[in-house]
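Contents: one structure, followed by commentary.
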Amino acid sequence: MKINENYRSLETSYLFSQVAAKRAAYEKAHPDQRILSLGIGDVTRPLPEPVTRAFTEAAAGQGDPARFHGYGPEQGYPFLREAIQSYYRRFGVDIPLSDLFVSDGAKCDLGNLLDLFDADNTVLIPDPVYPVYRDTNQMAGRRISYLSAVPENDFLPMPDPEQKADIIYLCSPNNPTGNVYRKEQLSEWVDYANRQGAVILFDAAYEAFVTDPSLPHSIYEIEGARTCAIEVCSLSKTAGFTGTRCGYTVVPGELIRDGLSLRSMWLRRQTTKFNGVSYPVQKAAAAAFSEEGLAACRKILSVYQSNARLMHRVLKEAGVWHTGGVHSPYLWMKCPQGQSSWEFFDRLLEQAQVIGTPGCGFGAGGEGFFRLTAFGTPEDTAEAMERIRRML
Ligand code: MLT
């Protein structure tokens, strides 16, 4: 028996597990202190009422012989795929139902999509970025080239026409920096990918935070994207589904490589290894896309947006360089006094009992930076920021 040796190249634990372990150790040593978390991007508002109504009705139906559902359709129920299709039409994007696949979340799909690609491919990954892109490719032993995301390019790296790429990750609004690609920038990426025959894996998990109508929510707002891009999205941040689990992936029928349709490959992969999302969760997700559901979700998002504004104000008054927090729930700050990411993490925990996420966990380029999330409750966020203000 041979194990997957690629695991030896990984950090011993996943970024957010590392943070959780540090928090647990501190809590154990200081049981009297109240820790506030601006760390992992987990939502704190409950599911909106139209969603829980649909969810509970469908769950109750599972106990009723007349309303019971067993296995559902392979790509997800048509009622949910049609709801997602209508949602995309709001940004002027028409997605055929056959391109839409319902899943239990973006993170799983981002990892699982790699089943479609050989290990002998060059992967372009922005640095810093959501660590799942890097870790899942390291597990498969793929060559990784990093795209430097720095203040000079607004943390939004652009393609180098001379650089070879097979698989490209883009995340916009970006996790962790919070910045958003403009349409003309995405257009350059799409042209580059089409020229190279590369595939873009576009992570749109934070699209609901985009408020400027000129900024894109989806890569399919860009001409040419259907021949080079797969888009992954989820209801986690949009509708509070982090603990409920539902996402969706778009694999366009036009995406053909080496004579094979990636959509057919993905269908084959999903039907072999995945049995779908539960009926009540799909009903809940469809309710989130109804007019009533979308209005309720927007209300919740406005709570997080208001947190982000407060966080921005406090950091600005404290003279801390930062970005993000406008079309994104994340603020990306420079660690004060030249501290490293983990040094600042420890200082914040010890002096203010506040948890954040060390920038270096998102890649070497994140060293010296720190991420704060606006997903807390307004009360905890206000208190955490007051503690940070006093500490700084
Ligand atoms: C984050 O904090 O970056 C995300 O919430 C983690 C995730 O979505 O998996």
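The values are calculated or read from the model by the stated rules, or taken from the named source; none is laboratory data. In this text the structure is predicted, and so the values were computed from the model without any measurement. No Cβ is skipped: glycine too gets one built from the backbone with ideal geometry, and neighbour counts run over all protein chains shown. Please note that ligands, DNA and RNA were not included when accessible areas were found on the heavy atoms of the full protein model with its side chains. Shrake-Rupley method; radii C 1.70, N 1.55, O 1.52, S 1.80 Å.
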Using every pair of alpha-carbon atoms in the stretch 1-99, split the distances into 5 Å bins beginning at 0 and state the percent of pairs per bin, rounded to integers.
-> 2, 8, 9, 10, 10, 11, 12, 15, 13, 8, 2, 0
Simple spin-label estimate for Thr227 and Ile144 in nanometres, 7 Å along Cα-Cβ | 3.1 nm
Ranked by how many other beta carbons lie within 10 Å on average, peptides 300-306, 243-249 from highest = 243-249, 300-306
Taking K and R as +1 and D and E as -1, what net charge do the other residues with C-beta under 13 Å from the C-beta of Leu301 add up to?
-> +4
Could you give the nm distance between label points at Asp135 and Arg257, where each point is 7 Å from its Cα heading toward the beta carbon?
-> 2.3 nm
3J(HN,Hα) from dihedral phi, the stretch 229-240, Karplus parametrisation 6.51/-1.76/1.60, rounded to Hz, x for glycine, proline = 10, 10, 10, 10, 9, 8, 8, 4, 8, 6, 10, x
For labels at Glu5 and Ala59 in the simple 7 Å Cα→Cβ model, what's the distance in nm?
-> 4.8 nm
Using alpha-carbon positions, the gyration tensor of the stretch 327-392 gives root eigenvalues a ≥ b ≥ c; with a/c under 1.5 called rounded, otherwise prolate if a/b exceeds b/c, else oblate, the class is oblate
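If I compute solvent accessible area with a 1.4 Å probe over the protein chains, what percent of it on the chain is carbon and sulfur? List each step's numbers first, then the result.
Numbers: 8540 of 16810 Å².
Using a 1.4 Å probe with all protein chains present, the chain comes out at 51 percent carbon and sulfur.
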Neighbourhood net charge (11 Å Cβ-Cβ; Lys/Arg +1, Asp/Glu -1) for Gln351 = +1
Grab the DSSP H runs of the chain that are 4 residues or longer, score each as -39,500 (n - 2.57), total them, divide by all residues and round the 222 nm result to the nearest 500 deg cm²/dmol.
-> -12000 deg cm²/dmol
Under the Karplus relation 6.51 cos²θ - 1.76 cosθ + 1.60, θ = phi - 60°, what is the ordered set of whole-Hz ³J(HN,Hα) values for the stretch 92-100, x standing for Gly and Pro?
-> x, 10, 9, 10, x, 4, 5, 8, 9
Could you compute the FRET efficiency for Phe91 and Arg269, with r as their C-beta to C-beta distance and R0 at 25 Å, rounded to 0.05?
-> 0.35
Å² per residue, accessible surface of the stretch 247-371 at 1.4 Å = 41 Å²
Whole-number percent relative contact order across the chain, with pairs defined as alpha carbons under 8 Å at least 6 apart | 23 percent
Beta bridges by DSSP in the chain, antiparallel share as percent, to the nearest 5 | 50 percent
Sorted by chain and then number, the residues having a modelled amide H within less than 5 Å of the amide H of Phe369, at least 5 places away or on another chain, are Cys335, Ser341, Gly359, Cys360
By the C-alpha gyration tensor axes a ≥ b ≥ c (rounded if a/c is under 1.5, else prolate when a/b exceeds b/c, else oblate), the shape of the stretch 70-160 is oblate
What's the FRET efficiency of Leu392 with Tyr14 using the Cβ-Cβ distance as r and R₀ = 30 Å, to the nearest 0.05?
-> 0.55
Using a Cα distance threshold of under 20 Å, what count of lysine pairs results for the chain when pairs must be 8 or more residues apart or interchain?
-> 5
Under 1.5 on a/c is rounded, so check that first for the chain, then, if it is not, pick prolate when a/b is larger than b/c and oblate when it is not; a ≥ b ≥ c are the square roots of the alpha carbon gyration tensor eigenvalues.
-> oblate
Once the dipole of the chain is set up with Lys and Arg at +1 and Asp and Glu at -1 on Cβ about the Cα centre, which of Thr249, Tyr330, Ser264 lies farthest towards its positive end?
-> Tyr330
So what are the ³J(HN,Hα) numbers for the stretch 318-330, from phi and the Karplus equation (6.51, -1.76, 1.60; θ = phi - 60°), rounded to whole Hz, Gly and Pro as x?
-> 7, x, 9, 5, 7, 9, x, x, 9, 9, 6, x, 10
